[in-house]
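**Student:** Pasting a structure below so you can have a look.
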Amino acid sequence: MVQTVSTPAVIVDLDIAERNIRSMAEEARKAGIRHRPHIKSHKSVYFARKQLEAGSTGITCAKLGEAEVMAEAGIDDILIAFPIIGEDKQERLFQLVQKVKVTTVADSVEGATAVSEVGERLGRRIPLYIEVDGGIGRCGRQPGEDTLQFARRIQSLPGIEITGLLSYAGQIYGEESREEIRSTARQEAATLKNTADLLREAGIDVPVVSGGSSLSSKFAGELEGVTEIRAGNYIFHDVGQLSMGMITVDDCALRVITTVVSVPAPGRAIIDAGSKTLTTDTMPFSKGFGYIVEHPDIEIFKLNEEHGFLSYDPASVSLHIGQHLTIIPNHACVLPNLCDEIVGFRGGVPVEKIRIDARGKNS
């Protein structure tokens, strides 16, 4: 298989990725929840279309740049899950919403006002979700009364329509067991539901309750009150979920093929994949910078830009120069943004090159 690609190469097993897409779509359907996948994991029109074909109701983008690329490709229902701040962003949003349906988020009066001004220019209201802090302490109003008071402050803005609540409980990736993950997923859902109920009792309708990461979405049937999930990483999976026991190696679609280029000492080797190919993200439940499929006991203990440093027991592992290794990355979402294209495989055979259309579209 690897003889046909020049290393280091980021590849995707298309059969696994498509199975992951179908599986999540089916879980959402069974739970009666809409799925609006986050495309920042792949940043590719190719995979976004695969997700829509499987039944997704639209897509989620991290930034305007991603949304602009997807809109140009004909994808016409987009949630931008990031505050619109700055006159440049307002102008780009103005251009975008004339082409496709766009929903935005806000957790500040400034952010909501910026969107409203765009809506006023257009002469219509732009759908807006209020972001609620899911526990990670990133963006978002505090659940409950703080969100209600914020909703009251912005509901009279003439260019927006509050259509939902949104949260991201990123702390779920630090849980240590399946039951803890399930509990955090339920808690996120309960927090959103209780806040949505509070707004509804006050006469503020929020038809959409949007939550769910790739981990919590595995318990879609238990997310009471949630109407929309936004799983992203699920399409590829990575060491993050592998080390938690939530998936197996056979569920990991995105991999890096690398070559051993030096064996400077017993138990040490250098590969041609460094920080410009892999990610420097570390995981709480595993060592190093990736999982080597052929030799799981080898640790990628250090990365330079072009070099990966391996450590292993020479009594049980023997590596030679020119040998190919397969790495499952710690965090799959980082890798496509480092590539112009990735190679799609089926049955161990490369079948097509997949363009990463929104690579670098981070603003």
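The values are calculated or read from the model by the stated rules, or taken from the named source; none is laboratory data. All figures in this text were calculated on a predicted structure; none of them were measured in a lab. Every residue, glycine as well, gets a Cβ built from its backbone with ideal geometry; the counts of neighbours run over all protein chains shown. Note: accessible area is taken over every heavy atom of the protein model, side chains too, but ligands, DNA and RNA are not part of it. Shrake-Rupley method; radii C 1.70, N 1.55, O 1.52, S 1.80 Å.
**Student:** Quick check: is even one residue across region 25-37 at positive phi and without any contact (Cβ under 8 Å) to a residue 24 or more places away in the chain? Talk me through it step by step, then tell me what you get.
**Tutor:** Step one: of region 25-37, the residues at positive phi are 32.
Checking the rest, the ones that are also without any contact (Cβ under 8 Å) to a residue 24 or more places away in the chain come to 32.
Yes, region 25-37 contains at least one residue that is at positive phi and without any contact (Cβ under 8 Å) to a residue 24 or more places away in the chain.
**Student:** When residues of region 153-192 are filtered for being under 16 Å from P83 (Cα atoms) and either open to solvent by 70 Å² or more (accessible area, probe 1.4 Å) or among the polar types (S, T, N, Q) (or both), how many remain? Please lay out each step first, then the result.
**Tutor:** As a first pass, look at region 153-192 and keep what is under 16 Å from P83 (Cα atoms): 154, 159-168.
Still in the running and either open to solvent by 70 Å² or more (accessible area, probe 1.4 Å) or among the polar types (S, T, N, Q) (or both): 161, 163, 167.
Going through region 153-192 one residue at a time, the tally reaches 3.
**Student:** Same structure, new question: Pairs needed: first member in region 285-309, more than 17 Å from G274 (Cα to Cα); second member anywhere, small (G, A, S) and open to solvent by less than 70 Å² (accessible area, probe 1.4 Å); C-beta distance under 7 Å; at least 6 residues apart or different chains.
**Tutor:** If the second residue must be small (G, A, S) and open to solvent by less than 70 Å² (accessible area, probe 1.4 Å), the pairs left are F285/S243; S286/S243.
**Student:** Exactly one of these conditions fails for M283: (1) farther than 30 Å from D77 by Cα; (2) at pLDDT below 95; (3) outside any loop (DSSP other than H, G, I, E, B). Give me its number.
**Tutor:** Tallying (1) farther than 30 Å from D77 by Cα; (2) at pLDDT below 95; (3) outside any loop (DSSP other than H, G, I, E, B), M283 fails exactly one: (3).
**Student:** While we're on this one: Please work out if E161 is more than 29 Å from L215 (Cα to Cα), touching a strand residue (DSSP E or B) at 6+ places or on another chain (Cβ under 7 Å) and assigned to a strand (DSSP E or B).
**Tutor:** Yes; evaluated as a whole, the condition is true for this residue.
**Student:** Go through region 321-351 and count every residue that is open to solvent by less than 10 Å² (accessible area, probe 1.4 Å), under 27 Å from V263 (Cα atoms), touching a helix residue (DSSP H, G or I) at 6+ places or on another chain (Cβ under 7 Å) and assigned to a strand (DSSP E or B).
**Tutor:** Of the residues in region 321-351, 1 are open to solvent by less than 10 Å² (accessible area, probe 1.4 Å), under 27 Å from V263 (Cα atoms), touching a helix residue (DSSP H, G or I) at 6+ places or on another chain (Cβ under 7 Å) and assigned to a strand (DSSP E or B).
**Student:** Which one of these is among the small types (G, A, S) and open to solvent by 60 Å² or more (accessible area, probe 1.4 Å): S318, S311, S286? Write out each step before concluding.
**Tutor:** Values: S311 fails: open to solvent by 60 Å² or more (accessible area, probe 1.4 Å); S286 fails: open to solvent by 60 Å² or more (accessible area, probe 1.4 Å).
So the residue among S318, S311, S286 that is among the small types (G, A, S) and open to solvent by 60 Å² or more (accessible area, probe 1.4 Å) is S318.
**Student:** Further question on the same structure: Would you point out the residue of region 193-209, among those that are hydrophobic (A, V, I, L, M, F, W, C) and open to solvent by 40 Å² or more (accessible area, probe 1.4 Å), that is nearest to the chain's Cα centre (by Cα)? Please lay out each step first, then the result.
**Tutor:** To start, the set of residues in region 193-209 that are hydrophobic (A, V, I, L, M, F, W, C) comprises 196, 198-199, 202, 204, 206, 208-209.
Checking which are open to solvent by 40 Å² or more (accessible area, probe 1.4 Å) leaves us with 198, 202.
On the way: L198: 29, A202: 33 Å.
The extreme case among them is L198.
**Student:** If S243 passes every condition in (1) of a type in the set (G, A, S); (2) surrounded by fewer than 22 Cβ atoms within 10 Å (Cβ to Cβ); (3) touching a Ser or Thr at 6+ places or on another chain (Cβ under 9 Å); (4) modelled with pLDDT of 95 or more but one, which one does it miss?
**Tutor:** (4) is the only condition that S243 fails.
**Student:** Look through region 168-194, keep the residues that are assigned to a helix (DSSP H, G or I) and of a type in the set (D, E), and return whichever of them is farthest from I247 (Cα to Cα). So that I can check it myself, show each step before the final result.
**Tutor:** Looking only at region 168-194, we keep the residues that are assigned to a helix (DSSP H, G or I), and these are 170-174, 178-194.
With of a type in the set (D, E) added as a condition, the list becomes 179-180, 188.
Numbers: E179: 15, E180: 16, E188: 22 Å.
Here the residue is E188.
**Student:** Restricting the search to region 22-39, which residues are surrounded by fewer than 24 Cβ atoms within 10 Å (Cβ to Cβ) and touching a Lys or Arg at 6+ places or on another chain (Cβ under 8 Å)?
**Tutor:** E27
**Student:** For region 216-250, give me the residue count where each residue is touching a residue at least 60 places away in the same chain (Cβ under 8 Å), part of a loop (DSSP other than H, G, I, E, B) and farther than 23 Å from N330 by Cβ.
**Tutor:** The number of residues fulfilling the criteria is 3.
**Student:** Given the criteria within 26 Å of the chain's Cα centre (by Cα), at pLDDT 95 or above and farther than 22 Å from G240 by Cα, does F345 qualify?
**Tutor:** On the way: within 26 Å of the chain's Cα centre (by Cα): yes; at pLDDT 95 or above: yes; farther than 22 Å from G240 by Cα: yes.
Answer is yes for this residue.
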